[in-house]
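The values are calculated or read from the model by the stated rules, or taken from the named source; none is laboratory data. Bear in mind that the values here come from a model prediction, so they are computed numbers and not experimental data. Note: ideal-geometry Cβ built from the backbone for every residue, glycine included; neighbour counts use all protein chains shown. Quick note on the areas: whole protein, heavy atoms, side chains included, nothing else; ligands and nucleic acids left out. Shrake-Rupley method; radii C 1.70, N 1.55, O 1.52, S 1.80 Å.
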Amino acid sequence: GAVVSQHPSWVICKSGTSVKIECRSLDFQATTMFWYRQFPKQSLMLMATSNEGSKATYEQGVEKDKFLINHASLTLSTLTVTSAHPEDSSFYICSTVGFGYEQYFGPGTRLTVT
Amino acid sequence: AQSVSQHNHHVILSEAASLELGCNYSYGGTVNLFWYVQYPGQHLQLLLKYFSGDPLVKGIKGFEAEFIKSKFSFNLRKPSVQWSDTAEYFCAVNGGGGSNYKLTFGKGTLLTVNP
């Protein structure tokens with residue numbers, strides 16, 4: 001399957017600052033990527049669908065102005081958490097879509113906002 | 001809207017015991033079904049998937065799952081678990097096919113296998 005990397009793996013930022021998380025598809029051209037959020041001991045919640053060369057599609061209840069997604073190339077999608085607050089602390093995971101609806105997941109980025 | 005329910009939050013077994021993790025989904029149309037596993041400190045990996053055909057699907061590491069359409073279920077099984085199977089298991093569903101690649105996940109089941 002496809003190999004997906006995320007950077008950074010862990011980031012701590014102060015409240016009010018912005019942080020960018022990168023998701024790279026290392027061996028697969030990813031037209032579509034997904035961004036998920038995972039709270040401790042809970043499931044993955046889909047935040048948005050990132051489409052190369054076009055605007056992201058956000059799930060209901062996700063603030064598009066707070067979680068900025070850019071998918072400028074077939075191998076890179078970025079998620080920027082703007083004006084982060086402690087409640088944004090979470091585990092953010094990206095995935096790419098492979099053949100047959102399979103998704104290949106990155107290792108995740110743990111965001112801690114102090 | 002589609003939803004996925006996993007019945008067990010935490011399952012504790014001894015090595016060599018048999019495993020069955022329940023998964024029920026709610027969706028009225030054609031579905032694609034998946035089980036993903038997340039080992040401690042690692043990313044999600046696909047265990048197995050069902051798209052069509054034989055409702056009993058076999059995956060990696062000796063896992064299998066059975067799709068029972070009438071029960072909207074896709075339970076995961078393994079005859080004899082090992083300590084290395086300790087992980088979190090997620091059932092997921094993709095409904096509708098076509099260009100809809102979105103996955104809806106269950107809340108996950110943490111499996112602890114004691115040696």
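Details
- Summarising the amide proton neighbourhood of B:Phe67: residues at separation of 5 or more, or on other chains, whose placed amide H is nearer than 5 Å comprise B:Leu56, B:Val57.
- Convex hull projection area averaged over all views, region B:1-80, Cα basis, nm²: 6.0
- Restricting the calculation to Cα atoms, every distinct pair contributes to the Kirkwood radius of region B:67-115, found to be 13.1 Å.
- Averaging the Cα positions of each part gives two centres, and for region B:59-115 and region A:67-94 these lie 28 Å apart.
- Here region A:19-76 is assigned +1 on the Cβ of each Lys and Arg and -1 on the Cβ of each Asp and Glu. Its dipole about the Cα centre then comes out at about 180 debye.
- For the residue pairs A:Lys66/B:Lys49; A:Lys64/B:Lys102; B:Lys71/B:Lys102; A:Lys41/B:Lys49, the alpha carbons lie more than 27 Å apart in A:Lys66/B:Lys49.
- Nearest-20 debye value, the protein assembly as shown charge dipole, Cβ charges on Lys, Arg, Asp, Glu: 180
- Ranking A:Gln60, A:Ser90, A:Thr75 by how far each Cα lies toward the positive end of the dipole of region A:42-107 (charges on Cβ) leaves A:Thr75 at the top.
- Within region A:1-65, the proportion of Cα pairs with more than 21 Å between them is 34 percent.
- For the set A:Ser90, B:Ser5, the ranking by accessible area, highest first and with no ligand, DNA or RNA atoms included, is B:Ser5, A:Ser90 under a 1.4 Å probe.
- The ratio of the alpha-carbon radius of gyration of the protein assembly as shown to the globular-protein estimate 2.2 N^0.38 Å is 1.02.
- A Cβ-based charge dipole, computed about the Cα centre of chain B with Lys and Arg at +1 and Asp and Glu at -1, lands at about 260 debye.
- Size check on chain A: the Cα extents along the three principal axes, sorted descending, read 39, 28, 23 Å.
- Taking the empirical scaling 2.2 N^0.38 Å for compact globular proteins as reference, region B:53-95 has a Cα radius of gyration ratio of 1.26.
- Along the axis of the charge dipole computed for the protein assembly as shown (Cβ charges of +1 for Lys and Arg, -1 for Asp and Glu, origin at the Cα centre), the listed residues B:Ala92, B:Leu19, A:Tyr36 are led at the positive end by A:Tyr36.
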